[in-house]
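I have placed the structure first, in the form of structure tokens, so that the comments after it can refer back to it.
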Amino acid sequence: MSVRDIIKQRRTIRKFKQDSIDDSILKDLVDCARLAPCASNKQPLEFVVVKDKKVCAKIFENTGWAGYISPKWTPNEGERPTAYIAILVNKVRATKWIGHDVGAAFENIVLAAWELGIGSCIIGSIKKENVAKILNVPDEYEVDTIIALGYKGHESYAENNDETVKYYMDEEGNFHVPKRPLEKVIHFDRF
């Protein structure tokens, strides 16, 4: 599968099979994140890989899921992620471009995971102080983003739609995600 194919096929996954992900795969995903571009080559990011079921459960309790689904929805116990990668920011090394650094790193993780048949959900709705305590994060670091990982337990479809950004779950438990059509977002030479 080409990089372009992965980019166009990859969707957020919010329900997971309960098969564990091998340590070597998780290590490789972090290696892909480590090699992402970063501002001034400051390399301010570090990563905590979580696989232990008890720790995963604590992380899950401190994250928000699928904000557009009503009534409030989270994956059931047998559908939750089997691993997480927490992206930490070294506050001393961080530049004003830290958001770009984090975005490049998590994009590498989710694309590399998809190539291996692993689904992911980029989670920004985090009780960061609680997660920092759970993961024993030193004071000079801050929890920025968490990537939930697991083998996918549903399908997710991108659909051209310029009228809404609200994704939804169908009767079979699959997600449908509106994406603005290319013609609405591309401009050549001038706006």
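Tell me whether the range 177-190 contains one or more residues that are under 16 Å from the mean Cα position of the chain (by Cα), more than 22 Å from V92 (Cβ to Cβ) and assigned to a strand (DSSP E or B). Taking every residue of the range 177-190 in turn, at least one turns out to be under 16 Å from the mean Cα position of the chain (by Cα), more than 22 Å from V92 (Cβ to Cβ) and assigned to a strand (DSSP E or B).
Of all residues in the range 81-108, those satisfying the criterion of being buried (at least 19 other Cβ atoms within 10 Å of the Cβ), among the hydrophobic types (A, V, I, L, M, F, W, C) and not in a helix (DSSP H, G or I) are A83, I85, A86, I87, L88, V89, A94.
Quick check on the range 18-33. Is at least one of its residues over 25 Å from E115 (Cβ atoms) and either under 17 Å from the mean Cα position of the chain (by Cα) or part of a loop (DSSP other than H, G, I, E, B) (or both)? Looking through the range 18-33, none of the residues is over 25 Å from E115 (Cβ atoms) and either under 17 Å from the mean Cα position of the chain (by Cα) or part of a loop (DSSP other than H, G, I, E, B) (or both).
All conditions but one from (1) surrounded by 15 or more Cβ atoms within 10 Å (Cβ to Cβ); (2) farther than 20 Å from S70 by Cα apply to H187; the one that does not is (1).
Only residues that are among the small types (G, A, S) and either buried (at least 16 other Cβ atoms within 10 Å of the Cβ) or in contact with a strand residue (DSSP E or B) (Cβ under 9 Å, 6 or more places away or on another chain) (or both) were counted in the range 20-46, giving 4. One residue alone among S20, S2 is free of Cβ contacts under 8 Å to residues at least 12 places away in the same chain and farther than 16 Å from A104 by Cα, and that residue is S2.
Within the option set S40, S70, being modelled with pLDDT under 95, among the polar types (S, T, N, Q) and farther than 25 Å from I134 by Cα holds for one residue only, S70. With respect to (1) closer than 23 Å to K58 by Cα; (2) touching a residue at least 12 places away in the same chain (Cβ under 8 Å), the lone exception for A132 is condition (2).
The values are calculated or read from the model by the stated rules, or taken from the named source; none is laboratory data. Model, not experiment: these values are computed from the prediction. Cβ: placed from backbone, ideal geometry, glycine included. Neighbour counts: every protein chain shown.
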